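One structure is given here, and the rest of the page talks about it.
The values are calculated or read from the model by the stated rules, or taken from the named source; none is laboratory data. This structure is a prediction, so every number in the text was calculated from the model and none was measured. Glycine gets a Cβ as well: all are built from the backbone with ideal geometry, and neighbour counts include every protein chain shown.
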Amino acid sequence: MKRSKVLNLCMMLMFGIFVAFNAHAQETKASPPATASGKIGDATVTVNYSSPSVKGRTIWGELVPYGKVWRAGANEATTVTFDKDVMVEGEGLAAGTYSFYTIPGEDEWTVIFNKTAKQWGTQYDEKQDALRVQVTPREASSMNERLAYGVTDDALLLRWENLEVPISIQAK
């Protein structure tokens, strides 16, 4: 009888340690999921992404190379949803959910809205592009340890490390 109580106690203790470890692992994910949402005119814009950290690394031109397609986040493809038709940098884009990629450059970026929204971030297929536009990055007013997106009155804004990338958006 004592032996089974000790065994049960050990099993409960091991289960408790497993649950605590798993909960801690969930809280400290390297690139946790994040969402940014807001209104531009009467259009709602929502960005779903995974948010990596700088962790002392040089991001632009090293971790994220210039001239190559970048998934604009971590893990699954970053997605941008528009509930109404919009104009992005003066070009029309229909309401819908798009995967979001960029091609960073030192002075100019290509921003890509891709029709295949549900995909792993590295499965990009250029044939599925709905829209490509050129934007100009700028120095951020402060260091951003984590990748973050924001929706302002007239733009979608990507911020990470010492850089901001504004993408002009207007509701149609």
Check on S53, closer than 20 Å to L147 by Cβ, within 13 Å of the chain's Cα centre (by Cα), in the same structural domain as V151 (by TED's automatic domain parsing) and surrounded by fewer than 18 Cβ atoms within 10 Å (Cβ to Cβ): yes
Matching residues in the stretch 94-121 - criterion: being under 18 Å from L158 (Cβ atoms) and surrounded by fewer than 15 Cβ atoms within 10 Å (Cβ to Cβ): E106, D107, E108
Single match in S53, S31, S37 (criterion: under 16 Å from R159 (Cα atoms), of a type in the set (S, T, N, Q) and in contact with an Asp or Glu (Cβ under 8 Å, 6 or more places away or on another chain)): S53
